[in-house]
Structure formats: C-alpha cells, structure tokens
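Structure first, then comments.
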Amino acid sequence: MSLKRPEDYTIEIGPMGPIGEGEALLLRINRNCPWNQCLFCPVYKGKRFSVRSAAEIKKDIDVIRRVSDLLETVSWEVGLAGEIGKEAIERLIRTHPEVYGEYPVNVTKEQWLAVQSLSHIARWLMYGAQRVFLQDANALFMKSVDLIEVLKYLKHSFPTIDTITSYARSKTCGQRSEEELKELKDAGLSWCFVGIESGDDQVLSFMKKGVEKKEHILGGQKIMGSGINMAAFVMPGLAGKNSELSKKHIGETIEVLNEIKPTEIRIRSLAILEAAPLYQKWESGEFNSPSEDQMVEELKMLIEGIHFDCTLETLQMTNLFTMKGPFLERKETLLKWISGYEALSKEDRAKFILDRYLYNGYLACVKSWGMYDARLKSTIEEAQTSLEKHSPDALEKAERAIFEIKSKGIP
C-alpha cells in the first residue's frame, strides 16, 4: 500500500494536556468532555462529546509508529545515528513534499496538520518516547475492554513507554469495578488526574460538578486500591467570598483527601475566566469572588489539615506560592511562606501579589494571547499608581488587577 497522503501521517490531537505533561505524547481517546457542565471550566463548552473507537485510536498509533520510523531513517541518513533533531525533521519535510508541502510557504490545511503531527511526535521522541497522556477530559469513560485493547497495542508498538496518564472523573472511577481498574493498571495506565475541587456538597452542587463528596471518596479509594497513582486536584477559592462556606469547603475537602490518601495533591486556586459560565455568575452578583488573602488562608488550612504523606504540587500560575515536593518534608517551609505573607502590611501584600502576577510570566502569557486590552492595561496602571502613592486602597486595586489578569485564561 502506498502511503503518500498527508492524512497517512496525521494524528488527531485535542486542545489541552495538564501541567507536567510537556514530555508526553498526546493520544486522543475521546473528544471533549462527557460531563462538560462545571461552571469554572470553559475548555469544552459548546462542543459535543464523542468517544473514538479502538480502531481509530490504533490507526493513530500506527501513524505515530510510521512517522517515528521515518524520522529514525532520515536521522541515520544525515549522520545523527538515530537521534531526532531539527536537521532530521527538516530533511523529512523536504523529501516528502506530497505529505508536508513546501513548508512553510506553500501548504494545504491537510499538509499543515501533518506538519503539526510530525512536530509533536518528534518532540516526544526527543524526550525518549516514555510518557503518554490520554486526551481529552475523561479517557476512562471509554469501555474498559476497548481502553485495555488500546493500551496494550500502544505499549506493544512502543516498548519505551513507562508512564501513561489520563484525566478521570470521580464518578466514572467509582463506577468501574476493582477488577476493571486493575486490568487497566496491568495494561499500562499509570496515573489518573481527578478533579476533586471540593469535598463540600453545597459547593459541588453550585459549581455543577455532577458528583458528591461520598462519590469522590469511593472513586478515589478505588483508584488507589487498584495500584494506579492518583493526582487529586483541589481548588482554594471555589466557595467564593462567604467565610463560613469557605471554611466548610476546605474542611470537607480535607476529609476527602485524608480518606483517599492520593499519591499527589495539586493545588489549582480559583480563576474566574471570562470564557467560563462562572464569570456570568460573578457579573450578576450570584457569586462573589474570593480575595488572594482568602485563598492563601484556605491553602494554609489545607496544609494544616492533611495527615498523610504525598507529593504536593502548586505549579499552576493561579497560585501565589509555587512548589513541588514531598508534602511532610516541605510542609513547614510552605507554612512559613504563608505566615510571612500574612505578616506583611496591606501595602506590602499588594506589592507581593502584583510582582507575582506581573513579572513571573502570567501577564506575558496574557499578552501573547492578544488579550492585553485597554481595560486591563488601565486597571494594572491604576494599581501601580495606588502603590506609588501609598494609597490606603492599594491592596484592593491590586486585587482587582490580579482578578482581571486571571480572568483572561490560565497558562
């Protein structure tokens, strides 16, 4: 069979992968999100969910194998002894114009997609072809027998793979039998990334998470019991400004985490994104946004309430503090950071949060997205001026600027 079409060298890639998966191959198991109702998430809104068949996914795996073999052959031809680099990629593009066109000046849409696939596969090979992330939102929604077939085919096609990760919903995990989950683990599934967000049923209901506290615990315990690693995502600020509900939100979340004892806890402080339904709730006054100070206090409560060791990760830019490491080893350090922040004057806290979000990459990302508009520019300048003049409302102005930066998106 002659394989000369761009489609023969193109895989389907979804819109996103989580932080920490930069070295991973993105393998699309389903399209979009089967739940897709969470108020704080804009990613799949307006898009229809569909499951890809095992045959479709295995076809993509064949394409990845085909492109990998071509890259290796070309690498030897240019004297790189099988290593993948820019020279090998450029030569492959030049020698296959029927697939990649005259990149970058003269390409069809189909050829451009083939180039993107080539770039993604080549990057994965450069990292050793060891890690795979299953897209999109909930790969475990696929029938277990089909997912196991895909995982086995993937591992057989690429024996170098040692880690396969996926997003998963608590409810879906809880609906799988222990035997199914163990079979998925044996087939190669290493990690499930589960959005706990909150353990409080009132918060979960308002945010339309479609899951209750007891279902979080059941699903998480099943995942951990199967031997699959679990990263539990939790969200300070999700209860809004209400101080009583805030305490309950964190208290119930601590109970969920202590019951499950996940391998890793990932902190994702709330950002109310313009593209998410929650933004309209905020505009109407139905949801009141928490302050940075409040989210720091919630983080402190979380850290004080967790009673098991795991990895703690706060790498997302919506967090005021950034770290990743063994929880019990780093616990006191993080609490000292928080205590140091809370001991600052209002003006110094305003300086701290502005420095964090203006000069550590967040605002640069917003600008790169073309979302640095006149309103945001004015709000930031107003916050900076209030600090320069030592105005009593400097912290309030800084909070407003940070809110607007975060509302544009999450890097």
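Treating only the Cα positions of segment 1-160 as identical point scatterers, give the base-10 log of I(q)/I(0) from the Debye formula at each q in 0.09, 0.10, 0.11, 0.15 Å⁻¹.
Here log10 of I(q) over I(0) equals -0.32, -0.40, -0.48, -0.86.
Once you keep just the Cα pairs under 8 angstrom separated by 6 or more residues, what percentage relative contact order results for the chain?
RCO, the chain: 13 percent.
For segment 1-160, with only Lys/Arg (+1) and Asp/Glu (-1) charged at the beta-carbon, what is the dipole magnitude about the Cα centre, in debye rounded to 20?
580
Nearest 20 debye, what's the magnitude of the dipole of segment 188-321 about its Cα centre given +1 on Lys and Arg Cβ and -1 on Asp and Glu Cβ?
In total the dipole reaches around 320 debye.
Along the charge dipole of the chain, pointing to its positive end and built from +1/-1 on Cβ of Lys, Arg, Asp and Glu, which listed residue (Gly199, Ala81, Met142) has its Cα farthest out?
Met142
Where does the charge balance sit around Ser243 when Lys and Arg score +1, Asp and Glu -1, over other residues with C-beta under 13 Å from its C-beta?
Taking every other residue near Ser243 into account, the sum is -1.
Only loop residues by DSSP count here, and only those with at most 16 other Cβ atoms within 10 Å; note down the GluC sites (Glu not before Pro) in segment 70-128 that meet that.
Qualifying residues, ordered by number: Glu83.
Dipole size in debye (nearest 20) for the chain around its Cα centre, Lys and Arg Cβ +1, Asp and Glu Cβ -1?
Roughly 620 debye for the chain.
Please report the spacing between the Cα centers of segment 123-188 and segment 238-271 in Å, no decimals.
Centre-to-centre (Cα) distance: 27 Å.
In whole Å, what are the extents of the chain along the principal axes defined by its C-alpha atoms, from largest to smallest?
If we take the Cα atoms of the chain, the spans are 72, 51, 41 Å.
Considering only C-alpha atoms, what is the centroid distance from segment 212-228 to segment 291-315, in Å?
Rounded to whole Å, the Cα centres lie 21 Å apart.
Compare the Cα positions of Phe40, Leu71, Asn30 along the charge dipole of segment 1-122 (+1 at Cβ of Lys, Arg; -1 at Cβ of Asp, Glu; about the Cα centre) and return the one farthest towards the positive end.
Farthest along the dipole direction, towards plus: Phe40.
If I model a spin label as a point 7 Å beyond the Cα along the Cα-Cβ vector, how far apart are those points for Gln175 and Trp76 in nm?
The answer from the label model is 4.8 nm.
Of Glu180, Glu264, Glu292, which has the largest mean-square fluctuation in a 10 Å C-alpha GNM of the chain?
Glu180
Please report the Cα spread of segment 347-411 along all three principal axes, rounded to whole Å, starting with the longest.
Computed over segment 347-411, the largest-to-smallest principal extents equal 33, 21, 15 Å.
How charged is the neighbourhood of Lys182? Take every other residue with its Cβ under 13 Å from the Cβ of Lys182, and add Lys/Arg as +1 and Asp/Glu as -1.
Summing Lys/Arg as +1 and Asp/Glu as -1 gives -2.
Could you sort the peptides 382-392, 32-42 by per-residue average Cβ neighbour count (10 Å cutoff), highest mean leading?
Ranked from most to least packed, the peptides come out as 32-42, 382-392.
At a Förster radius of 56 Å, what calculated FRET efficiency corresponds to the Cβ-Cβ distance of Ser243 and Lys182, to the nearest 0.05?
0.85
Taking other Cβ within 10 Å of each residue's Cβ, how do Phe233, Phe308, Phe321 sort, fewest first?
Phe308, Phe321, Phe233
We did not get these values from a lab; they are worked out from the coordinates using the rules stated. What you are looking at is a predicted structure, and each value in this text was computed from that prediction instead of being measured. No Cβ is skipped: glycine too gets one built from the backbone with ideal geometry, and neighbour counts run over all protein chains shown.
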